[in-house]
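The values are calculated or read from the model by the stated rules, or taken from the named source; none is laboratory data. This one's a predicted model, so the numbers in the text were calculated from it and none came from an experiment. Counting neighbours? That spans all protein chains shown, and the Cβs are built from the backbone with ideal geometry, glycine included. Accessible surface is based on the protein model in full, side chains and every heavy atom, while ligands, DNA and RNA are left aside. Shrake-Rupley method; radii C 1.70, N 1.55, O 1.52, S 1.80 Å.
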Amino acid sequence: MKFLKWSLPAAMLMLAGCVTNQTGVPIPFLSPIPDDAKYIETVKLPTTTLEKAEGLKKARTKVLTSSVGLADFPQLQSYAQSVLDRIIATAPAGAPDAKVYLLANVGPGAMAVPEGAIYIHFSAFQYLQSEDQLAFLLGHEYSHVALQHSPENLLRSLRPYLVTAMDFAVSRASSDSKLRKSLQLYGSDILSRDVLLPVWDRSAEKQADFLGLDLMTKAGYNPSESLRFLAIVGKYDDSFERLHLATRNQLEKQLDAQLATTTDSPLWNRFTSEFRDAIGTIQEQISSRHEDAKDRMVALVGYMKREYAMERRRPINNAIYVKTVDQNADVLDHYLDAHKVIAALQEAKFEPGKKINIGKLEGLARRAVSGKTSDHAYTRYAFSKLRTYQGKYSLALKNIDLIAGQDGDDVLPFQISLERAELQQSTGNNKLAIKQMEVAAAHYDWPVEAYHFLIPMLAGQGDKGRVNELKIGCVARYPQQRELCATPQ
């Protein structure tokens with residue numbers, strides 16, 4: 001975005017952030033990684049700080065607040081868990097347990113939370129080629145857990161501002177509610193890539209790469225496959241970026257146009273000022289995003305040559321990996337069909353004149369909800385999006401109603417709960433929309449979007465007491481939005 005400018009001090013910090021040791025391996029300044037030994041031999045793992053059950057529950061709630069749910073692949077999840085367990089078994093003393101989950105999102109990468117959970121996108125099983133590559137992905141993410149890296153995510157910090165900015169910008173630019181829904185949070189897959197993926201500092205990211213390489217190798221995996229992993233992910237990341245470029249550009253144009261405009265609204269001017277101040281306070285985080293795959297490969301090549309020059313280079317368990325993925329190919333393809341529907345609808349919203357083949361999308365959507373995936377959150381969400389695009393709100397709601405609960409939860413992932421509430425509003429069922437959104441909001445610890453939906457809805461119902469309660473709650477949870485919470489648009 002044009003308004004996200006790096007300060008000179010931040011740029012200087014970034015340039016000075018790495019040094020090269022005598023082996024030629026670029027190491028971040030003040031990094032604990034030794035220049036004459038394996039990192040795993042010297043690392044001291046910190047003790048976990050949160051009570052496990054409570055911490056895992058909170059972490060899971062945060063993830064499902066910003067996603068369209070978990071992917072229902074029990075065999076793949078169990079397989080990934082077996083690889084992770086093998087890695088943990090050879091980890092240094094004091095290494096914590098961790099559990100693998102699959103997210104119902106398409107995109108490169110994965111994320112980990114220090115409480116002991118690793119979330120990988122189901123699409124990893126479509127672009128990774130071997131168990132060794134999966135082992136590096138899990139080893140890297142598990143290293144964040146073991147080292148108790150606590151992410152401070154730039155976009156998550158800005159998320160309350162972005163949600164409000166999009167709502168305000170689109171409300172001023174257009175009365176098209178469908179456009180607002182499409183703009184909201186970039187769309188599910190872009191959200192998962194840009195908001196869910198942790199933004200570690202550069203030193204922590206390098207530690208996770210090196211320790212992840214050590215862990216996978218000690219567990220018997222081929223260290224060379226880490227480089228193939230990064231090469232594959234680099235290509236996948238580029239294609240994913242191109243696919244969603246129109247969506248991103250349109251969103252940034254909307255926000256930039258509004259932030260650059262001087263309005264006669266004191267409320268908006270106050271918000272804009274606070275938004276810019278918020279960006280200023282986290283400028284250092286902007287320069288600490290994940291390095292790209294090529295930068296990571298350069299560092300790992302040097303480290304591998306230094307520490308693993310004589311290690312065997314033959315992949316293990318490749319036949320098992322291929323067989324397991326093949327056994328789930330049907331369901332993976334259905335999820336990919338769902339993604340194609342969502343991506344096409346996003347493109348249609350953000351590219352003027354873009355023609356959309358409804359018949360083709362209809363076929364993809366129907367195939368996505370066939371067989372084993374007939375009640376999956378991601379596939380039904382895609383079909384609901386198509387029906388919403390067609391203006392068939394009742395049919396869109398029927399698709400959401402067919403979604404099965406996950407892990408014993410009757411509450412839908414929050415983004416789907418929000419979609420359902422907006423559809424109920426479109427069909428005139430305001431009371432049910434309010435009731436179910438209240439339940440979802442409480443379950444997910446009141447995301448800012450819940451306030452934005454409920455306050456004007458309840459105001460329209462004449463419930464002044466509840467409106468005041470929500471305004472007070474909104475200001476308490478999101479002080480950076482106190483003006484907009486108190487006076488919703």
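Can you confirm whether segment 76-85 contains a residue that is open to solvent by less than 10 Å² (accessible area, probe 1.4 Å), within 22 Å of residue 329 (Cβ to Cβ) and at pLDDT below 90?
We begin by selecting, within segment 76-85, every residue open to solvent by less than 10 Å² (accessible area, probe 1.4 Å); these are 76, 80, 83-84.
This time we only want the ones that are within 22 Å of residue 329 (Cβ to Cβ), so: 76, 80, 83.
Retained after the next criterion (residues that are at pLDDT below 90): none.
No, the conditions are met nowhere in segment 76-85.
If you go through segment 359-377 and keep only what is touching a residue at least 40 places away in the same chain (Cβ under 8 Å) and part of a helix (DSSP H, G or I), you end up with 371, 372, 373, 377.
Is segment 80-99 home to any residue that is in a helix (DSSP H, G or I) and among the polar types (S, T, N, Q)? Yes; the residues of segment 80-99 include at least one that is in a helix (DSSP H, G or I) and among the polar types (S, T, N, Q).
Tally time: how many residues in segment 406-420 are open to solvent by 10 Å² or more (accessible area, probe 1.4 Å) and within 18 Å of residue 453 (Cα to Cα)?
Residues in segment 406-420 being open to solvent by 10 Å² or more (accessible area, probe 1.4 Å) and within 18 Å of residue 453 (Cα to Cα): 5 in total.
Could you please let me know if residue 403 is open to solvent by less than 60 Å² (accessible area, probe 1.4 Å), in a helix (DSSP H, G or I) and closer than 19 Å to residue 339 by Cα? Explain how you work it out, then say what you get.
Values: open to solvent by less than 60 Å² (accessible area, probe 1.4 Å): yes; in a helix (DSSP H, G or I): no; closer than 19 Å to residue 339 by Cα: yes.
So residue 403 fails the test.
Based on what the data block shows, is residue 389 more than 19 Å from residue 67 (Cα to Cα), buried (at least 19 other Cβ atoms within 10 Å of the Cβ) and in contact (Cβ under 8 Å) with a residue 60 or more places away in the chain? Against the criterion (more than 19 Å from residue 67 (Cα to Cα), buried (at least 19 other Cβ atoms within 10 Å of the Cβ) and in contact (Cβ under 8 Å) with a residue 60 or more places away in the chain), residue 389 qualifies.
Taking the listed residues 354, 360, 349, the one that is open to solvent by 50 Å² or more (accessible area, probe 1.4 Å) and either modelled with pLDDT of 95 or more or on the phi > 0 side of the Ramachandran plot (or both) is 360, with no other qualifying. Among the numbered conditions (1) farther than 24 Å from residue 423 by Cα; (2) in a loop (DSSP other than H, G, I, E, B); (3) of a type outside the set (Phe, Trp, Tyr), the only one that residue 356 does not meet is (1). Of all residue pairs spaced 6 or more apart or on separate chains, those with beta-carbon atoms under 8 Å, a first member in segment 216-230 that is more than 19 Å from residue 80 (Cβ to Cβ) and part of a loop (DSSP other than H, G, I, E, B) and a second member that is among the β-branched types (Val, Ile, Thr) and open to solvent by 10 Å² or more (accessible area, probe 1.4 Å) are 223/217. Of all residues in segment 193-223, how many are modelled with pLDDT under 90 and farther than 13 Å from residue 140 by Cβ? Total meeting the criteria: 8.
Out of 326, 337, 330, which single residue is free of Cβ contacts under 8 Å to residues at least 24 places away in the same chain, outside any loop (DSSP other than H, G, I, E, B) and either farther than 30 Å from residue 413 by Cβ or out of contact with any strand residue (DSSP E or B) (no Cβ under 9 Å at 6 or more places or on another chain) (or both)? It would help to see each step written out before you state the result.
Values: 337 fails: free of Cβ contacts under 8 Å to residues at least 24 places away in the same chain; 330 fails: free of Cβ contacts under 8 Å to residues at least 24 places away in the same chain.
326 is the lone residue from the list that is free of Cβ contacts under 8 Å to residues at least 24 places away in the same chain, outside any loop (DSSP other than H, G, I, E, B) and either farther than 30 Å from residue 413 by Cβ or out of contact with any strand residue (DSSP E or B) (no Cβ under 9 Å at 6 or more places or on another chain) (or both).
What number goes with the only condition from (1) in contact (Cβ under 8 Å) with a residue 24 or more places away in the chain; (2) in a helix (DSSP H, G or I); (3) open to solvent by less than 60 Å² (accessible area, probe 1.4 Å) that residue 380 does not pass? Here residue 380 meets the rest and fails (1). Among the listed residues 102, 50, which satisfies the condition of being in contact with a Leu (Cβ under 9 Å, 6 or more places away or on another chain), hydrophobic (A, V, I, L, M, F, W, C), within 28 Å of residue 325 (Cα to Cα) and at pLDDT 50 or above? Criteria check complete, one pass: 102. The lone criterion from (1) modelled with pLDDT under 95; (2) of a type in the set (A, V, I, L, M, F, W, C); (3) surrounded by 20 or more Cβ atoms within 10 Å (Cβ to Cβ) left unmet by residue 396 is number (1). Counting the residues of segment 66-83 that are within 17 Å of residue 413 (Cα to Cα) and free of Cβ contacts under 8 Å to residues at least 40 places away in the same chain gives 0. Scan segment 413-440 for residues that are touching a helix residue (DSSP H, G or I) at 6+ places or on another chain (Cβ under 7 Å) and outside any helix (DSSP H, G or I) and the total you get is 2. Applying the condition of being surrounded by fewer than 23 Cβ atoms within 10 Å (Cβ to Cβ) and β-branched (Val, Ile, Thr) to segment 86-114 and asking which residue is nearest to the chain's Cα centre (by Cα) yields 88.
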